[in-house]
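Scroll down for the structure; my scribbles are underneath it.
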Amino acid sequence: MKAVYASTVNPAEPLTALEVGERPEPQPRPYWSTVSVKAATVNHHDLWSLQGVGLAAEQTPMILGTDAAGILDEDIPGKHGLKAGSEVVLYTFVGTDGAGVAPGERRTILSEKYPGTLAEKTAVPSANVFAKPANLTMAEAAALGTSWLTAYSMLFNAANVKPGDTVLIQGAGGGVSTAAIQLAHAAGLEVFVTSRSEAKRAKALELGADAAFEAGARLPRKVDAVIESVGSATWSHSVKSVRPGGTIAICGATTGDQPGAELTRIFFQDIRVQGNTMGSREDFARLLRLVEHADLHPAIDSVYTGLDAAPEAFARMVGGDMFGKIVLEV
(Lines give C-alpha, C1' and ligand atoms only; values in the text may rest on other atoms or scores of the structure.)
Protein backbone atom coordinates (compact mmCIF):
# COMPACT_ATOMS: atom_id res chain seq x y z
CA MET A 1 0.00 0.00 0.00
CA LYS A 2 1.08 3.60 -0.48
CA ALA A 3 2.15 5.44 2.66
CA VAL A 4 3.95 8.54 3.93
CA TYR A 5 6.85 7.52 6.15
CA ALA A 6 10.07 8.54 7.85
CA SER A 7 12.87 6.75 6.01
CA THR A 8 15.33 7.86 8.69
CA VAL A 9 15.60 10.83 11.06
CA ASN A 10 17.32 14.14 10.42
CA PRO A 11 17.31 16.74 13.22
CA ALA A 12 18.71 19.51 11.00
CA GLU A 13 16.72 18.92 7.79
CA PRO A 14 13.69 16.81 8.75
CA LEU A 15 11.90 17.03 5.40
CA THR A 16 14.78 15.17 3.72
CA ALA A 17 13.74 12.11 5.76
CA LEU A 18 10.16 12.23 4.42
CA GLU A 19 9.27 9.58 1.82
CA VAL A 20 6.15 8.48 -0.05
CA GLY A 21 6.14 4.90 -1.25
CA GLU A 22 5.04 1.32 -0.70
CA ARG A 23 4.82 -0.12 2.80
CA PRO A 24 3.30 -3.39 4.09
CA GLU A 25 -0.42 -3.40 4.87
CA PRO A 26 -1.49 -3.92 8.52
CA GLN A 27 -1.50 -7.59 9.49
CA PRO A 28 -4.39 -9.19 11.42
CA ARG A 29 -3.95 -8.81 15.17
CA PRO A 30 -6.30 -9.94 17.97
CA TYR A 31 -8.59 -7.16 19.21
CA TRP A 32 -7.38 -4.71 16.56
CA SER A 33 -9.31 -3.33 13.58
CA THR A 34 -8.19 -2.15 10.16
CA VAL A 35 -9.52 1.04 8.57
CA SER A 36 -9.28 2.27 4.99
CA VAL A 37 -8.10 5.83 5.49
CA LYS A 38 -10.00 8.55 3.64
CA ALA A 39 -8.44 11.62 5.27
CA ALA A 40 -5.63 12.33 7.71
CA THR A 41 -4.10 15.53 9.02
CA VAL A 42 -0.51 16.67 9.36
CA ASN A 43 0.67 17.48 12.88
CA HIS A 44 3.82 18.87 14.45
CA HIS A 45 4.29 15.41 15.98
CA ASP A 46 5.06 14.17 12.45
CA LEU A 47 7.75 16.82 12.05
CA TRP A 48 9.24 15.94 15.43
CA SER A 49 9.35 12.28 14.41
CA LEU A 50 11.33 13.22 11.29
CA GLN A 51 13.70 15.14 13.58
CA GLY A 52 14.21 12.05 15.76
CA VAL A 53 12.15 13.26 18.74
CA GLY A 54 10.40 10.15 20.08
CA LEU A 55 11.48 8.12 17.04
CA ALA A 56 14.95 6.59 16.76
CA ALA A 57 16.64 5.92 13.43
CA GLU A 58 16.55 2.18 14.10
CA GLN A 59 12.74 2.35 14.29
CA THR A 60 12.52 3.62 10.72
CA PRO A 61 11.02 3.24 8.22
CA MET A 62 7.94 4.30 10.19
CA ILE A 63 4.60 5.38 8.71
CA LEU A 64 3.72 8.85 9.99
CA GLY A 65 0.32 10.26 10.99
CA THR A 66 -1.48 10.50 14.31
CA ASP A 67 -5.14 10.81 13.35
CA ALA A 68 -7.52 9.78 10.61
CA ALA A 69 -11.08 9.25 9.44
CA GLY A 70 -12.06 6.43 7.14
CA ILE A 71 -14.11 3.30 6.46
CA LEU A 72 -14.06 0.32 8.81
CA ASP A 73 -12.87 -2.79 6.96
CA GLU A 74 -14.51 -5.46 9.12
CA ASP A 75 -17.21 -5.79 11.77
CA ILE A 76 -16.17 -5.21 15.38
CA PRO A 77 -17.72 -8.05 17.40
CA GLY A 78 -19.83 -6.88 20.30
CA LYS A 79 -19.61 -3.19 19.44
CA HIS A 80 -23.12 -2.27 18.36
CA GLY A 81 -23.45 -0.24 15.19
CA LEU A 82 -19.83 -0.46 14.01
CA LYS A 83 -19.94 -2.78 11.03
CA ALA A 84 -17.80 -3.13 7.95
CA GLY A 85 -18.38 -0.05 5.80
CA SER A 86 -19.11 2.29 8.73
CA GLU A 87 -17.62 5.78 8.60
CA VAL A 88 -15.30 6.03 11.58
CA VAL A 89 -12.80 8.26 13.34
CA LEU A 90 -9.88 6.96 15.37
CA TYR A 91 -8.52 7.43 18.88
CA THR A 92 -4.83 6.82 18.25
CA PHE A 93 -3.35 6.66 21.75
CA VAL A 94 -2.31 3.04 22.37
CA GLY A 95 -1.45 1.46 25.72
CA THR A 96 -3.31 3.93 27.92
CA ASP A 97 -5.48 1.22 29.45
CA GLY A 98 -4.34 -2.11 28.03
CA ALA A 99 -6.90 -2.30 25.19
CA GLY A 100 -5.36 -4.40 22.42
CA VAL A 101 -1.91 -4.55 24.03
CA ALA A 102 -0.14 -6.31 26.87
CA PRO A 103 -0.93 -5.02 30.37
CA GLY A 104 1.48 -2.32 31.47
CA GLU A 105 2.65 -1.40 27.97
CA ARG A 106 3.91 2.18 27.86
CA ARG A 107 1.50 4.56 26.15
CA THR A 108 2.38 5.64 22.64
CA ILE A 109 0.66 7.48 19.84
CA LEU A 110 0.48 5.88 16.40
CA SER A 111 3.72 6.42 14.44
CA GLU A 112 5.92 5.91 17.52
CA LYS A 113 5.73 2.14 18.11
CA TYR A 114 2.89 1.19 15.77
CA PRO A 115 2.55 2.44 12.15
CA GLY A 116 0.65 5.69 11.73
CA THR A 117 -2.31 6.88 9.71
CA LEU A 118 -0.79 8.56 6.63
CA ALA A 119 -1.40 5.47 4.52
CA GLU A 120 -4.11 3.78 2.52
CA LYS A 121 -4.84 1.56 5.53
CA THR A 122 -4.11 1.77 9.23
CA ALA A 123 -4.89 -0.33 12.31
CA VAL A 124 -5.79 0.50 15.92
CA PRO A 125 -7.16 -1.43 18.91
CA SER A 126 -10.84 -2.08 18.21
CA ALA A 127 -11.78 -0.11 21.33
CA ASN A 128 -10.26 2.96 19.65
CA VAL A 129 -12.71 2.99 16.72
CA PHE A 130 -15.65 5.40 16.96
CA ALA A 131 -18.49 6.37 14.65
CA LYS A 132 -17.72 9.57 12.76
CA PRO A 133 -19.89 12.52 13.84
CA ALA A 134 -22.65 12.73 11.24
CA ASN A 135 -22.26 16.50 10.77
CA LEU A 136 -18.62 16.32 9.65
CA THR A 137 -16.92 15.56 6.37
CA MET A 138 -14.06 13.06 6.39
CA ALA A 139 -11.57 15.91 6.15
CA GLU A 140 -13.10 17.67 9.17
CA ALA A 141 -13.34 14.46 11.21
CA ALA A 142 -9.66 13.74 10.57
CA ALA A 143 -8.80 16.81 12.69
CA LEU A 144 -10.41 15.46 15.86
CA GLY A 145 -7.99 12.76 16.96
CA THR A 146 -4.99 14.88 17.92
CA SER A 147 -5.62 18.64 17.97
CA TRP A 148 -9.27 18.64 19.01
CA LEU A 149 -8.84 15.95 21.65
CA THR A 150 -5.86 17.83 23.06
CA ALA A 151 -7.82 21.10 23.16
CA TYR A 152 -10.80 19.40 24.83
CA SER A 153 -8.63 17.79 27.49
CA MET A 154 -6.69 21.00 28.12
CA LEU A 155 -9.82 23.06 28.64
CA PHE A 156 -12.00 20.74 30.66
CA ASN A 157 -9.45 18.57 32.50
CA ALA A 158 -6.07 20.30 32.72
CA ALA A 159 -7.42 23.86 33.08
CA ASN A 160 -10.72 22.69 34.63
CA VAL A 161 -12.56 25.78 33.37
CA LYS A 162 -16.27 26.26 33.88
CA PRO A 163 -18.92 28.16 31.91
CA GLY A 164 -18.50 31.86 32.61
CA ASP A 165 -14.71 31.63 33.13
CA THR A 166 -12.30 33.59 30.94
CA VAL A 167 -9.60 31.77 29.01
CA LEU A 168 -6.63 33.06 27.01
CA ILE A 169 -5.62 30.99 23.98
CA GLN A 170 -2.13 31.78 22.76
CA GLY A 171 -1.24 31.75 19.08
CA ALA A 172 -4.53 31.70 17.21
CA GLY A 173 -4.10 29.75 14.00
CA GLY A 174 -2.72 26.38 15.02
CA GLY A 175 -4.82 23.23 15.17
CA VAL A 176 -5.03 23.11 18.97
CA SER A 177 -5.68 26.85 19.23
CA THR A 178 -8.50 26.94 16.68
CA ALA A 179 -10.09 23.89 18.29
CA ALA A 180 -9.84 25.47 21.74
CA ILE A 181 -11.52 28.66 20.49
CA GLN A 182 -14.50 26.74 19.13
CA LEU A 183 -14.84 24.39 22.10
CA ALA A 184 -14.50 27.19 24.66
CA HIS A 185 -17.10 29.30 22.87
CA ALA A 186 -19.51 26.35 22.68
CA ALA A 187 -19.05 25.76 26.42
CA GLY A 188 -19.95 29.32 27.41
CA LEU A 189 -16.48 30.65 28.19
CA GLU A 190 -15.21 34.15 27.51
CA VAL A 191 -12.41 33.65 24.98
CA PHE A 192 -9.35 35.87 24.50
CA VAL A 193 -6.84 34.99 21.77
CA THR A 194 -3.50 36.36 20.61
CA SER A 195 -1.72 36.37 17.27
CA ARG A 196 0.94 38.40 15.50
CA SER A 197 -1.24 38.28 12.38
CA GLU A 198 -4.14 40.69 11.95
CA ALA A 199 -5.77 38.27 9.49
CA LYS A 200 -5.59 35.40 11.98
CA ARG A 201 -7.02 37.58 14.74
CA ALA A 202 -9.97 38.37 12.47
CA LYS A 203 -10.51 34.69 11.68
CA ALA A 204 -10.36 33.84 15.39
CA LEU A 205 -13.21 36.28 16.04
CA GLU A 206 -15.22 34.53 13.31
CA LEU A 207 -14.67 31.19 15.09
CA GLY A 208 -16.12 32.53 18.33
CA ALA A 209 -13.38 34.41 20.18
CA ASP A 210 -14.70 37.38 22.15
CA ALA A 211 -11.56 39.49 21.74
CA ALA A 212 -8.30 39.13 19.82
CA PHE A 213 -5.04 40.85 20.74
CA GLU A 214 -1.57 41.26 19.31
CA ALA A 215 0.98 38.86 20.74
CA GLY A 216 2.14 40.08 24.16
CA ALA A 217 -0.54 42.75 24.49
CA ARG A 218 -1.88 43.71 27.90
CA LEU A 219 -5.31 42.14 28.43
CA PRO A 220 -8.34 43.97 29.86
CA ARG A 221 -8.13 41.73 32.94
CA LYS A 222 -6.50 38.57 34.22
CA VAL A 223 -7.85 35.26 32.92
CA ASP A 224 -8.79 32.11 34.79
CA ALA A 225 -6.71 29.88 32.54
CA VAL A 226 -4.29 29.99 29.62
CA ILE A 227 -4.13 27.45 26.81
CA GLU A 228 -0.46 27.40 25.88
CA SER A 229 1.02 25.55 22.91
CA VAL A 230 3.50 28.12 21.61
CA GLY A 231 6.23 27.92 24.24
CA SER A 232 9.11 30.35 24.63
CA ALA A 233 7.62 33.17 22.57
CA THR A 234 4.46 33.47 24.70
CA TRP A 235 5.38 31.95 28.05
CA SER A 236 6.11 35.21 29.87
CA HIS A 237 2.85 36.69 28.61
CA SER A 238 0.96 33.62 29.78
CA VAL A 239 2.43 33.87 33.28
CA LYS A 240 1.62 37.58 33.51
CA SER A 241 -1.92 37.15 32.13
CA VAL A 242 -3.32 34.45 34.42
CA ARG A 243 -4.96 35.43 37.71
CA PRO A 244 -3.56 34.37 41.08
CA GLY A 245 -4.58 30.76 41.62
CA GLY A 246 -5.25 30.28 37.91
CA THR A 247 -3.91 27.60 35.59
CA ILE A 248 -1.61 27.49 32.59
CA ALA A 249 -2.31 24.32 30.60
CA ILE A 250 0.48 23.47 28.18
CA CYS A 251 0.59 20.88 25.41
CA GLY A 252 3.45 22.01 23.22
CA ALA A 253 6.29 24.40 22.57
CA THR A 254 6.48 25.15 18.86
CA THR A 255 8.78 28.15 19.44
CA GLY A 256 11.07 26.36 21.92
CA ASP A 257 10.78 24.72 25.32
CA GLN A 258 13.34 26.69 27.35
CA PRO A 259 11.70 29.99 28.34
CA GLY A 260 12.56 31.82 31.51
CA ALA A 261 10.47 29.96 34.08
CA GLU A 262 9.48 33.05 36.12
CA LEU A 263 9.26 30.82 39.18
CA THR A 264 8.87 33.70 41.64
CA ARG A 265 5.69 34.88 39.98
CA ILE A 266 4.40 31.30 39.69
CA PHE A 267 4.84 30.38 43.36
CA PHE A 268 3.99 33.80 44.79
CA GLN A 269 0.68 33.91 42.89
CA ASP A 270 -0.17 30.21 43.35
CA ILE A 271 -0.25 29.64 39.60
CA ARG A 272 -0.72 26.02 38.57
CA VAL A 273 1.14 24.75 35.49
CA GLN A 274 -0.41 21.58 34.08
CA GLY A 275 1.04 19.58 31.20
CA ASN A 276 -1.28 17.75 28.82
CA THR A 277 -0.80 15.13 26.10
CA MET A 278 -3.96 14.42 24.14
CA GLY A 279 -6.68 12.84 26.33
CA SER A 280 -8.42 9.67 27.40
CA ARG A 281 -10.67 7.45 25.29
CA GLU A 282 -13.60 8.67 27.41
CA ASP A 283 -12.64 12.29 26.64
CA PHE A 284 -12.65 11.42 22.96
CA ALA A 285 -16.14 9.94 23.16
CA ARG A 286 -17.43 13.06 24.93
CA LEU A 287 -15.69 15.29 22.38
CA LEU A 288 -17.41 13.49 19.50
CA ARG A 289 -20.81 13.95 21.13
CA LEU A 290 -20.16 17.66 21.75
CA VAL A 291 -18.99 18.23 18.18
CA GLU A 292 -22.13 16.65 16.76
CA HIS A 293 -24.56 18.15 19.27
CA ALA A 294 -23.19 21.70 18.92
CA ASP A 295 -22.58 21.26 15.15
CA LEU A 296 -18.94 22.30 15.42
CA HIS A 297 -16.75 22.14 12.31
CA PRO A 298 -12.95 22.13 12.62
CA ALA A 299 -11.16 24.96 10.86
CA ILE A 300 -9.41 23.57 7.78
CA ASP A 301 -6.46 25.51 6.41
CA SER A 302 -5.96 23.47 3.25
CA VAL A 303 -6.73 20.08 1.71
CA TYR A 304 -4.24 18.16 -0.42
CA THR A 305 -5.41 15.31 -2.63
CA GLY A 306 -3.41 12.09 -2.57
CA LEU A 307 -0.52 10.92 -0.41
CA ASP A 308 1.94 12.06 -3.07
CA ALA A 309 1.13 15.61 -1.99
CA ALA A 310 2.60 14.97 1.48
CA PRO A 311 5.87 16.90 0.88
CA GLU A 312 3.87 19.99 -0.11
CA ALA A 313 1.57 19.61 2.91
CA PHE A 314 4.51 19.20 5.29
CA ALA A 315 6.26 22.23 3.79
CA ARG A 316 3.16 24.34 4.45
CA MET A 317 3.13 23.23 8.08
CA VAL A 318 6.84 24.02 8.48
CA GLY A 319 6.23 27.47 6.98
CA GLY A 320 3.83 28.20 9.83
CA ASP A 321 1.50 30.54 7.93
CA MET A 322 -1.66 28.48 8.37
CA PHE A 323 -5.00 28.76 10.11
CA GLY A 324 -6.50 25.44 11.17
CA LYS A 325 -5.59 21.95 10.03
CA ILE A 326 -3.77 20.71 6.94
CA VAL A 327 -5.51 17.64 5.52
CA LEU A 328 -4.36 14.90 3.17
CA GLU A 329 -7.18 13.09 1.40
CA VAL A 330 -6.31 9.50 0.53
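The values are calculated or read from the model by the stated rules, or taken from the named source; none is laboratory data. What you see is a predicted model, and the numbers here were worked out from it, not measured in a lab. Note that each Cβ is placed from the backbone with ideal geometry, even for glycine, and that neighbours are counted across all protein chains shown. Surface accessibility is based on the protein's heavy atoms, side chains included, excluding ligands, DNA and RNA. Shrake-Rupley method; radii C 1.70, N 1.55, O 1.52, S 1.80 Å.
Give the range of the longest stretch in the chain that excludes all trypsin sites (Lys or Arg not before Pro) found in loop regions by DSSP and having at most 13 other beta-carbon atoms within 10 Å. Write down the numbers at each step before the final one.
Values: sites that count: LYS83, ARG106, ARG196, ARG218, ARG221.
Answer from the scan: 222-330.
Here the Karplus relation 6.51 cos²θ - 1.76 cosθ + 1.60, evaluated at θ = phi - 60°, turns the backbone of the stretch 274-288 into coupling constants of 10, x, 8, 10, 6, x, 7, 4, 5, 4, 4, 4, 5, 4, 4 Hz, with x for every Gly and Pro.
For q values of 0.17, 0.20 Å⁻¹, compute log₁₀ I(q)/I(0) with the Debye formula on a Cα-only model of the stretch 45-120, without solvent. For the stretch 45-120 at q = 0.17, 0.20 Å⁻¹, log10 I(q)/I(0) is -0.76, -0.96. Across ALA225, ALA123, ALA17, mean-square fluctuation computed from a Gaussian network of the chain (C-alpha pairs under 10 Å connected) peaks at ALA17. Pairs from the list LYS2/LYS113; LYS38/LYS200; LYS200/LYS325; LYS113/LYS162 with a Cα-Cα gap above 25 Å: LYS38/LYS200; LYS113/LYS162.
Of the residues GLU198, GLU228, GLU58, the one that moves most in a GNM of the chain with alpha-carbon contacts below 10 Å is GLU58.
Given a 1.4 Å probe, how much area per residue of the stretch 44-199 is accessible, in Å²?
Working: 5230 Å² over 156 residues.
Here the residues of the stretch 44-199 average 34 Å² of exposed surface.
For the stretch 155-219 and the stretch 63-139, what is the separation of their Cα centres, given in Å? Measuring centre to centre over Cα atoms gives 29 Å.
Under a Gaussian network description of the chain, with springs only between Cα atoms under 10 Å, the residue in PRO220, PRO125, PRO133 that fluctuates furthest is PRO220.
First select every other residue whose beta carbon is under 11 angstrom from the beta carbon of THR34; then total the charges, Lys and Arg +1, Asp and Glu -1.
Details: positive: ARG29, LYS121; negative: GLU25, ASP73, GLU74, GLU120.
Summing Lys/Arg as +1 and Asp/Glu as -1 gives -2.
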